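Reading through the structure tokens given below for one structure.
Laboratory data are not the source of any read-out in this text; all were calculated from the coordinates shown. Predicted model only: the values in this text are computed from it and were never measured. Please note: Cβ atoms are built from the backbone with ideal geometry, for glycine as well, and neighbour counts cover all protein chains shown.
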Amino acid sequence: MSEHVVTFGAQQGLVGTLSIPTDVAPHALAFVLLNAGVIPRMGPHRFNVKLARALAQQGISSLRLDLSGQGDSQPALGNLHYEHQAQADLRAAMDEVTAHTGITRFVIAGICSGAVTGLAVARKDPRVVGLWMLDGHAYATWRSTLWRIARQLRYQFSGTVRTWLARLLDQFRPQSAVAPHPQIDYGVRSLSRAEFAQALQNLVDRGVQVYLVYTLDKLWSYSYGGQFRDTFKRHAFVDEVICEHRPDMDHTLTKLSAQQEVISQIAAWARQIPMAH
């Protein structure tokens, strides 16, 4: 395997590490690994580094990159919103891999905001043939809502009751007297349930392999193993998407055993992705 740092993008301001297999026959697809939140391209606990090297051992190239303004990459000179700039950076990363390897088929692997960005690009870019998302979009069901309420009452009974009473009283106050809740901009837009369903259906119809994972840190919105099926049981894609509930793992895969297991699972999944349409 060879690894080297590359600079790319419109102003050569993006920085990434390209891993190319040299000891085994190369496959006709590559992975792109991006930041998890503000963590640099190495990933949480060097997860992206370990994944890239494991993939290289089975002939799969990868590029782990820092998005604009993160890690070693320079801030973008344009005026794109963060969400759109991240998508542009990801497309530039695929261009860079193609320039070095000739590969034009990609799998995007992302954690949290990286998962959201990966989905946005996968929806629009036909080069994406696989998408791995850890703790991306999640949607409540009646069962997960009841679980959340029960947990709130069990661990924060008085605070929960006070909050409910305050919200109830707000319904009887003049609208101008109700203090607005602060709006927090996390840089990415959440998709509605219908939008997410349509996105998954379009990807599956296109032949894209989708693998979703929800960990302990997503427990407030994804709390049991069959939640994905319960949420989307009326949609044709539900049997085509891999979805795992892993409450034994945390959001950043802190345990070495968790990292090793997830890497092995991704590598096995990658091997079954068709090399060509």
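To check my understanding: the extent here is largest minus smallest coordinate of the Cα atoms along each principal axis. What are those three numbers for the range 34-146, in Å, largest first?
On the principal axes, the range 34-146 reaches 51, 39, 31 Å in Cα extent.
Name the residue, out of Leu67, Leu169, Leu146, whose mean-square fluctuation peaks in a Gaussian network model built on the chain with Cα pairs under 10 Å.
Taking springs between Cα atoms under 10 Å, the residue moving most is Leu169.
Any chance you could run the full-extension gain for His45 through Ser158? It's 0.36 nm times the residue separation minus the Cα-Cα distance, nm to one decimal.
Gain on extension, His45 to Ser158, equals 36.9 nm.
Between Gln260 and Asp205, what is the label-point separation in nm under the 7 Å Cα-to-beta-carbon projection?
4.3 nm
For the peptides 3-10, 50-57, 195-202, what is the packing order when you average, over each peptide's residues, the other Cβ atoms within 10 Å and list the highest mean first?
Sorting 3-10, 50-57, 195-202 by mean packing, highest first, produces 50-57, 195-202, 3-10.
State the label only: which of (i) 16.8; (ii) 14.9; (iii) 19.4 corresponds to mean projected area of the Cα convex hull in nm² computed from the shown model?
Answer by label: (i).
If you take every DSSP beta bridge whose two residues both sit in the chain, what share of them, in percent to the nearest 5, is antiparallel?
Antiparallel: roughly 35 percent of the beta bridges in the chain.
Evaluate the relative contact order of the chain (contact order divided by residue number), counting alpha-carbon pairs under 8 angstrom at least 6 apart; express in whole percent.
Value for the chain: 17 percent.
If I take R0 = 25 Å and measure r between the Cβ atoms of Ile149 and Asp248 in this structure, what FRET efficiency does the formula 1/(1 + (r/R0)^6) give, to the nearest 0.05?
0.60
For Ala25 paired with Asp95, estimate the spin-label separation in nm (one decimal), with each label point 7 Å from Cα along the Cα-to-Cβ line.
Taking the simple label geometry, Ala25 and Asp95 are separated by 3.3 nm.
Report the net charge of residues surrounding Gln201, where surrounding means a beta-carbon distance below 13 angstrom and charges are Lys +1, Arg +1, Asp -1, Glu -1.
Local charge sum for Gln201: 0.
Could you size up the charge dipole of the range 216-277 around its Cα centre, putting +1 on the beta carbon of Lys and Arg and -1 on that of Asp and Glu, and report it in debye to the nearest 20?
For the range 216-277, the charge dipole is close to 120 debye.
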